[in-house]
Amino acid sequence: MSDEKLLNEEILEDMAEDRAEADVEAAVAAEPVESMDDYKEELEKSFQKVSEGDILTGTVIGVTETEVAVDLKYYAQGIITKENFSSDPDCILKDKVQVGDSITATVIKTDDGEGNIVLSSKEANDTLLWEKFENMLNERTVFPVKINGIVNKGVVANVEGVRAFIPASKLDAGYVENTEDWLGRTIDVMVITADPEKKRLVLSGREVARQKRQEDKNAKIAKCQVGAVLEGTVDSIQPYGAFINLDNGLSGLVHISQISMKRIKTPSEVLTVGDKVKVKVISNANNKISLSIKALQDVAEKEAAEEVFDYKEDGKAATSLGALLAGFKVE
């Protein structure tokens, strides 16, 4: 091989090495440079003070038959014993939690003597659950429950593992005499008492039932068109008018001015409780039905006034145009 060719190969090798070194330097320069800011959050967590009663969230890093180890991003790890994990003595930890799971627990002790923080997920769950009940109380949340027991003056239901009491007076829109009929039924309720210290949870279905009843009534009223003629029964008489129970299940008021064509001082001059009457709907504004008896009387009188009678010798009245013209002779 000539000296010139050998020299060219060496030059090419040197250039290749230079490019490779440049590529490495560029790759290193492109890599992000770690700084203390990258570990700021973890450092702050490691220095924060942990106190008994705090609720912490960490990552499961180990599970045995008797305890769960939790990474809290703290200088000490957390330990949850089987007793502090569940009230069920037959609970198998490895079936309930796995490495990598996120878990929330309450601090029971800041040091178990071996540098670990003693935690209780059972207590944390209980605390969070009662906070949830308090939020449901404040927000008037409506939710379904199944009645699974009868007790003195009411019934009981289970809400996420907590026994809740529903007084008989709060079961429905009205007072319930026989609570046995409600066993096994599912009803919509709201929380009316949530006391975490006494572990007292009280529910009510009355407000929900009344609201639903009113919504159903409003829907029926909206369908009760102005001008409709209905039948009903006089339910009560007041100085200002009479309330009529209509055959469609609704109730309406006939004001004293709408009872009779004649001027009357009291509705009882014309009406009696229990009377069957025909009424006309004259308003359904503001979810209230206003009725009139007089409007039907007025229509009847107008029809009678417009009707033309022709009395024949046979004593029969005729109202047809043919009958009316039959007596006329055209010459």
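Among the residues of segment 284-296, is there at least one that is touching a residue at least 12 places away in the same chain (Cβ under 8 Å), in contact with a Pro (Cβ under 7 Å, 6 or more places away or on another chain), in a strand (DSSP E or B) and surrounded by 13 or more Cβ atoms within 10 Å (Cβ to Cβ)?
no
Residue-wise test of (1) within 28 Å of residue 115 (Cβ to Cβ); (2) at pLDDT 90 or above.
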{"position": "4", "(1), (2)": "no, no"}
{"position": "12", "(1), (2)": "no, no"}
{"position": "17", "(1), (2)": "no, no"}
{"position": "21", "(1), (2)": "no, no"}
{"position": "44", "(1), (2)": "yes, no"}
{"position": "54", "(1), (2)": "yes, yes"}
{"position": "83", "(1), (2)": "yes, yes"}
{"position": "89", "(1), (2)": "no, no"}
{"position": "100", "(1), (2)": "yes, yes"}
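Residues checked against (1) surrounded by fewer than 17 Cβ atoms within 10 Å (Cβ to Cβ); (2) at pLDDT 95 or above:
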position: 121; (1), (2): no, no
position: 161; (1), (2): yes, no
position: 181; (1), (2): yes, no
position: 187; (1), (2): no, yes
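Quick one: residue 214 ticks every box in (1) of a type in the set (S, T, N, Q); (2) closer than 30 Å to residue 166 by Cα; (3) in contact with a helix residue (DSSP H, G or I) (Cβ under 7 Å, 6 or more places away or on another chain) bar one, so which box is it?
If we test residue 214 against (1) of a type in the set (S, T, N, Q); (2) closer than 30 Å to residue 166 by Cα; (3) in contact with a helix residue (DSSP H, G or I) (Cβ under 7 Å, 6 or more places away or on another chain), just (3) comes out false.
Condition test on residue 270, is it over 43 Å from the mean Cα position of the chain (by Cα) and surrounded by 16 or more Cβ atoms within 10 Å (Cβ to Cβ)?
So residue 270 passes the test.
Just the residues that are in contact with a Pro (Cβ under 9 Å, 6 or more places away or on another chain), of a type outside the set (Lys, Arg) and under 18 Å from residue 178 (Cβ atoms), please, taken from segment 129-165.
Listed by number, the residues that qualify are 154, 155.
The values are calculated or read from the model by the stated rules, or taken from the named source; none is laboratory data. Please read all numbers here as calculations on a predicted model, not as lab measurements. Cβ: placed from backbone, ideal geometry, glycine included. Neighbour counts: every protein chain shown.
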